[in-house]
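Step one of this worksheet: look at the structure below.
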Amino acid sequence: MNSKHHKKISSTKRLDGKKILVSLTSQLEEDIYSYCRERGIESQNEFIRQAIAKYLDSDYEDNTLKLISLKNLQEKLSELYDMVSILFSYQHMMHLNTLAYHPEIAHELTDAAFASATNRLEKFFASFRERLRDDPAFFEKLLHIYVTGS
């Protein structure tokens with residue numbers, strides 16, 4: 001299979017959509033022909049496909065869209081910052097509460113208390129993982145956010 005034949009196959013795959021009729025002035029037709037010849041574009045159809053793709057992609061280079069995207073990003077970061085701040089504040093209050101309502105124990109009991117706490121923490125974390133695994137709504141929400149980006 002020669003490379004020219006391969007190009008035509010890939011070009012026709014891209015042109016499998018609805019056909020439209022576009023009238024060209026003789027000057028425009030001559031300009032398109034010259035442009036295609038200079039750049040090695042094989043057909044007017046391919047030229048039009050490339051022109052449309054370039055036009056559509058140019059929207060993403062618009063500074064207004066960039067600013068809107070940056071503003072959205074800034075809002076999301078601000079929201080995440082607030083969430084982290086709230087979680088930190090909550091954790092700090094929980095720790096203070098623990099220290100206030102649970103006095104220190106005798107030194108000879110610390111090793112046993114630490115071993116017991118480690119064991120209870122592992123049980124708690126295993127239970128937490130099970131709860132997350134058994135919460136399909138949570139995972140569906142994460143999947144929705146991942147797939148749609150919203």
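Using a simple spin-label model with pseudo-atoms 7 Å out from Cα toward Cβ, residue 86 and residue 120 lie 2.8 nm apart. Between the Cα long axis of helix 44-58 and the first principal axis of the chain there is an angle of about 30°, rounded to the nearest 10. Longest stretch of the chain clear of exposed loop sites (trypsin sites (Lys or Arg not before Pro), DSSP loop, at most 16 other Cβ atoms within 10 Å, sites excluded): 20-150.
Compute the Cα gyration tensor for the range 76-148, then decide on rounded, prolate or oblate, letting a ≥ b ≥ c be the square roots of its eigenvalues: rounded whenever a/c is under 1.5, prolate when a/b is larger than b/c in the other cases, and oblate in all that remain. Verdict is oblate for the range 76-148. The slack between residue 31 and residue 67, meaning 0.36 nm per residue of separation minus the straight C-alpha distance, is 9.4 nm.
Positive end of the dipole of the chain (Cβ unit charges, origin at the Cα centre): among 77, 36, 50, the Cα lying farthest that way belongs to 36.
Computed from backbone phi with θ = phi - 60° and the Karplus coefficients 6.51, -1.76 and 1.60, the 3J(HN,Hα) list for the range 94-99 is 4, 5, 4, 4, 4, 5 Hz; x is used for glycine and proline. If you take the square roots of the eigenvalues of the alpha-carbon gyration tensor of the chain and sort them as a ≥ b ≥ c, do you get rounded (a/c under 1.5), prolate (a/b over b/c) or oblate? In terms of gyration-tensor shape, prolate. For the range 78-122, GluC sites (Glu not before Pro) are listed when DSSP marks them as loop and at most 11 other Cβ atoms sit within 10 Å of their Cβ; the list is 104.
Applying a threshold of 29 Å to the alpha-carbon distances of 66/141; 19/54; 19/141; 71/141 flags 19/141 as lying beyond it.
Read-outs throughout are calculated quantities, based only on the coordinates presented, and are distinct from any laboratory measurement. Every value quoted in this text rests on a predicted model; they were computed, and no experiment measured them. Quick reminder, even Gly has a Cβ in these numbers, built from the backbone with ideal geometry, and neighbours come from all protein chains shown.
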